[in-house]
1. Name the residue from HIS52, ALA106, LEU68 whose Cα lies farthest towards the positive end of the charge dipole of the chain, charges +1 on Cβ of Lys and Arg and -1 on Cβ of Asp and Glu.
2. Arrange the following residues from fewest to most other Cβ atoms within 10 Å of their Cβ: ILE44, ILE23.
3. Within a 10 angstrom radius of the beta carbon, how do SER29, SER39, SER155, SER63 rank from fewest other beta carbons to most?
4. What's the whole-number percent of alpha carbon pairs in the chain lying beyond 28 angstrom?
5. Under unit Cβ charges (Lys, Arg +1; Asp, Glu -1), what dipole magnitude, rounded to 20 debye, does the chain have relative to its Cα centre?
6. How far apart, in nanometres, would the label points at GLN73 and HIS52 be if each is projected 7 angstrom from Cα along the Cα-to-Cβ direction?
7. Add -39500 (n - 2.57) for each DSSP H run of 4 or more in the chain, then divide by its residues: what number comes out at 222 nm, to the nearest 500 deg cm²/dmol?
8. Cut-off is 10 Å between beta-carbons; in what order do ASP71, ASP178 appear when sorted fewest neighbours first?
Amino acid sequence: MYKYLGAWVNEEWDCGQEIRTRIEIARASLKRMEKVLCSRKLSIELRVRLLHCYVWPVVLYGSESWTLKADTQKRLEAFEMWCYRRMLRISWTQKVSNVRVLQRVARSRELLLIIKKRKVEYLGHVLRHERYQLLRLIMMGKVEGKRRVGRRKKSWLRNIREWTNVESVEVLFRLAQDREKFAELTSNLQ
C-alpha cells in the first residue's frame, strides 16, 4: 500500500482502507476544532455549517473515486452521527436515538448523499468532456478472459447504476450526454 496524491492505494484497489483513514483524519480535525464546534455560545446552525466547511471536506477528499460497499456506507453514516453527537455533547452511554439527534440539529443524513451526488456528477463530467477520452475508453472497455470463482466485486459503475436505478451502463452513458437530464437524475438521488 502506498500514498498517491494524498490517497492510500493498495494492490486490490479496495477503498475500505482509504475511507477509514479519511474518517480518522476528519475525527482529528473535529477534535482540534472542538472548542468552536462544541461551544454552546454559538447556535447549532452555525456549528453545523462550520462542520460542513472544515471537517467534511477532509472526509470527502477523493470520494468521487470510491466504490462504496454496505460496510463502508455504515461507517460513513456512523461518522456523521458521531460528529453531531460530539457537537451536542451527547455521551455514548446516554440513550438518545439517531432520529432524536438529527431532530436536535435540524438536519437529515447528508454525508452519504453528498458522496453519491459527487460520484454521479463526476461520471457525467467525464463522459461529456473530450479531454477524458482515455478514461471514457477504460470505463466502457471489457476485460477478456475468465473471472475468478465467487461473487463479483462491487464496481464503481455498479454503485452508480444502483443509486440511479438505471439498468445498464449503455443507458447511463447515453443519459450522461444530455446535461439537463443527467442533472435531474443527480438531483433525484436518495
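1. It is ALA106, whose Cα lies furthest towards the positive end.
2. Exposure proxy ranking, most exposed first: ILE44, ILE23.
3. SER155, SER39, SER29, SER63
4. 36 percent
5. Dipole about the Cα centre, nearest 20: 800 debye.
6. 2.3 nm
7. About -18500 deg cm²/dmol.
8. Listing ASP71, ASP178 from fewest to most nearby Cβ atoms yields ASP71, ASP178.
Every read-out reported here was derived from the displayed coordinates using simple, explicitly stated rules and does not represent laboratory data. Keep in mind it's a predicted model, so treat the numbers as computed, not measured. Cβ sites come from the backbone with ideal geometry, for glycine too, and all protein chains shown count toward neighbours.
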